[in-house]
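Encoded as structure tokens, the structure appears first; notes follow it.
The values are calculated or read from the model by the stated rules, or taken from the named source; none is laboratory data. These figures come from a predicted structure and were not determined experimentally. Heads up, the Cβs are rebuilt from the backbone with ideal geometry, glycines too, and the neighbour counts pull from every protein chain shown.
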Amino acid sequence: MQTPSMLKIGEFSRLSRVSVRMLRHYDKLRLIRPAHVDDDSGYRYYAPEQLAELNRLLALKDLGFSLEEIGRLMRGGLSPEQVVGMLKLRHAELRRELDEGQARLRRVETRLNEMDRQGEIASPYAVVLKRVEPVPVASVRATMPNYVDMTVLWEYMTPFLRGHGLSVDAGHVYVYHDPEYRDAEIDTELAVPVPEGIPSAGRVTVTVLPGLECAAATVHRGAVAEVYGAYAALGNWMGANGYRICGPNRLVVLHRAGPPRDHVTEVLWPVRPESVAAGGSKE
């Protein structure tokens, strides 16, 4: 029933600083319902005390809760423990977003400092953080004499791929498993993505190359023997942005047709923030 103290939707909008459109939206979602709707005109009327209810909704929205979550909170469908749990979860989400924003800011500052020192973007290596998904692969692992001559690995891999009608020129990955740099006797794995269901054979094992939760990556164009500039760029970036290595290095050969100068290789290091690494084991 309408009373003299009730406010038309336009008045309620001006007092609450919420648009009429949003008030109608909240009504549709059953969050803030008009205290009275005139049967003849369809006008919506709100009680003055509903301003406090609307302010509560706006406060929860400002905290980042979804309208669905706000509805549950306002209808009292949650226990105090559940409300505290939701607030703690939102606190953790905001903290993560803040940390990610600060890390992104440091990367921007590092890039700006490089440009100030060099007068231009002289380095051909742009470093990014990325997530790498797991992938089924055919894998051969052996001790190699150096980082360039992979003949032994391909002696096993080539007949395996051809035996299954797969291209030997497709993209592939080298994983270097040694915990520190070695200039000889290098523990190397060659992994070539393959369809699921292909069986292992001889020295070639069909397995899953694990994904990487967080990897620092850059792209090298040219011969793999000249990839050291990419490693230097990754090392400088990690030092400037507070990251540490936390797993084996990978070289992802994206394109190797034509002369070596046309080859394209992605260099990946699994990394984690220095603050996380400090609390765990030393790599």
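A few notes on this one:
- Test for Ala225: is it out of contact with any strand residue (DSSP E or B) (no Cβ under 6 Å at 6 or more places or on another chain) and either more than 15 Å from Pro248 (Cβ to Cβ) or surrounded by 15 or more Cβ atoms within 10 Å (Cβ to Cβ) (or both): yes
- Every residue from the stretch 103-129 that is over 12 Å from Ala240 (Cβ atoms) and either at pLDDT 85 or above or of a type in the set (Asp, Glu) (or both): Asp116, Glu120, Tyr125, Ala126, Val128, Leu129
- Scanning the stretch 198-220 for residues that are of a type outside the set (Ser, Thr, Tyr) and in contact with a Ser or Thr (Cβ under 9 Å, 6 or more places away or on another chain) yields Val204, Val206, Leu209, Val219, His220.
- Pick from the stretch 157-171, criterion of a type outside the set (Phe, Trp, Tyr) and not in a loop (DSSP other than H, G, I, E, B), ranking: surrounded by the most Cβ atoms within 10 Å (Cβ to Cβ): Met157
- All positions within the stretch 204-242 that are in contact with a Phe, Trp or Tyr (Cβ under 8 Å, 6 or more places away or on another chain) and among the hydroxyl-bearing types (Ser, Thr, Tyr): Thr218
- Among the residues of the stretch 195-247, those that are under 25 Å from the mean Cα position of the chain (by Cα) and assigned to a loop (DSSP other than H, G, I, E, B) comprise Pro210, Gly211, Gly242, Cys246, Gly247.
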